[in-house]
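Q: The structure is given below, and queries will be raised subsequently.
The values are calculated or read from the model by the stated rules, or taken from the named source; none is laboratory data. Being a predicted model, the structure only gives us computed values, none of them experimental. We place every Cβ from the backbone using ideal geometry, glycine too, and count neighbours over all the protein chains shown.
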């Protein structure tokens, strides 16, 4: 019996690792394909790497996620505006920010016309990805468990944002 369990565990682990690898390849392909997109700001991978920190590049261009509770913007409570770290487009007002308890900066809504969305089919689920409408930078995901009046929780990577106080 022990041998069967060991083999099943090994096979299951291989499937999970393969799924993560495929997701990463798909995200990298999407980034490469975004060079032909309709975004207002289009740059090569080399240009993005020159302009962004390594962590910003991983999040904004490769759709990675920063560790929870790692961003100083998670505890930013001043009045102001949060911008895209890739192109400086104003994205979120501090008046829409709230503490969701998730460890990432969370907002109930974006500024009008600031973000785009698409379905994200990674990690065995379907989520709604939020990205900058101007440069296509990955910001995070939108969930339907937020506060009134929208009921949305825009759960974002602080690395994808900059903050300008009012």
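Q: Take residue 128 and decide whether it is touching a residue at least 12 places away in the same chain (Cβ under 8 Å), surrounded by fewer than 16 Cβ atoms within 10 Å (Cβ to Cβ) and assigned to a strand (DSSP E or B).
A: Working: touching a residue at least 12 places away in the same chain (Cβ under 8 Å): yes; surrounded by fewer than 16 Cβ atoms within 10 Å (Cβ to Cβ): yes; assigned to a strand (DSSP E or B): yes.
Answer is yes for this residue.
Q: Under 28 Å from residue 45 (Cα atoms), exposed (fewer than 15 other Cβ atoms within 10 Å of the Cβ) and without any contact (Cβ under 8 Å) to a residue 60 or more places away in the chain - does that describe any residue in the range 135-143?
A: Scanning the range 135-143 turns up no residue that is under 28 Å from residue 45 (Cα atoms), exposed (fewer than 15 other Cβ atoms within 10 Å of the Cβ) and without any contact (Cβ under 8 Å) to a residue 60 or more places away in the chain.
Q: Follow-up question, since we're still on this one. In the range 103-125, what residues are part of a loop (DSSP other than H, G, I, E, B) and within 24 Å of residue 88 (Cβ to Cβ)?
A: Across the range 103-125, the qualifying residues are 104, 105, 108, 109, 110, 111, 112, 113, 114.
Q: Would you pick out the residues in the range 138-166 that are part of a loop (DSSP other than H, G, I, E, B) and farther than 19 Å from residue 67 by Cβ? Even if it seems obvious, please write down each step before you answer.
A: First, pick out the residues of the range 138-166 that are part of a loop (DSSP other than H, G, I, E, B): 144-152, 157, 166.
Passing the criteria: 144, 145, 146, 147, 148, 149, 150, 151, 152, 166.
Q: Can you tell me which residue within the range 52-61, out of those that are part of a loop (DSSP other than H, G, I, E, B) and either at pLDDT below 95 or out of contact with any strand residue (DSSP E or B) (no Cβ under 8 Å at 6 or more places or on another chain) (or both), is surrounded by the most Cβ atoms within 10 Å (Cβ to Cβ)? Write out each step before concluding.
A: Taking the range 52-61 first, the residues part of a loop (DSSP other than H, G, I, E, B) are 52-53, 61.
This time we only want the ones that are either at pLDDT below 95 or out of contact with any strand residue (DSSP E or B) (no Cβ under 8 Å at 6 or more places or on another chain) (or both), so: 52-53.
Working: 52: 20, 53: 12.
Result: 52.
Q: To continue, here is another question. Taking residue 86 as meeting all but one of (1) in a strand (DSSP E or B); (2) surrounded by 15 or more Cβ atoms within 10 Å (Cβ to Cβ); (3) touching a residue at least 24 places away in the same chain (Cβ under 8 Å), write down the number of the exception.
A: Exception for residue 86: condition (1).
Q: Can you tell me which residue within the range 74-83, out of those that are surrounded by fewer than 19 Cβ atoms within 10 Å (Cβ to Cβ) and under 17 Å from residue 101 (Cβ atoms), is farthest from the chain's Cα centre (by Cα)?
A: If we filter the range 74-83 for residues that are surrounded by fewer than 19 Cβ atoms within 10 Å (Cβ to Cβ), which is where we start, we get 75-81.
Retained after the next criterion (residues that are under 17 Å from residue 101 (Cβ atoms)): 75-77.
Numbers: 75: 18, 76: 18, 77: 21 Å.
Only one residue fits best here, namely 77.
Q: Counting just the residues of the range 120-138 that are at pLDDT 95 or above and touching a helix residue (DSSP H, G or I) at 6+ places or on another chain (Cβ under 7 Å), which one comes out nearest to residue 156 (Cα to Cα)?
A: 138
Q: Say whether the condition of being surrounded by 14 or more Cβ atoms within 10 Å (Cβ to Cβ), at pLDDT 95 or above and in contact with a strand residue (DSSP E or B) (Cβ under 7 Å, 6 or more places away or on another chain) is met by at least one residue in the range 37-51.
A: There is no residue in the range 37-51 that is surrounded by 14 or more Cβ atoms within 10 Å (Cβ to Cβ), at pLDDT 95 or above and in contact with a strand residue (DSSP E or B) (Cβ under 7 Å, 6 or more places away or on another chain).
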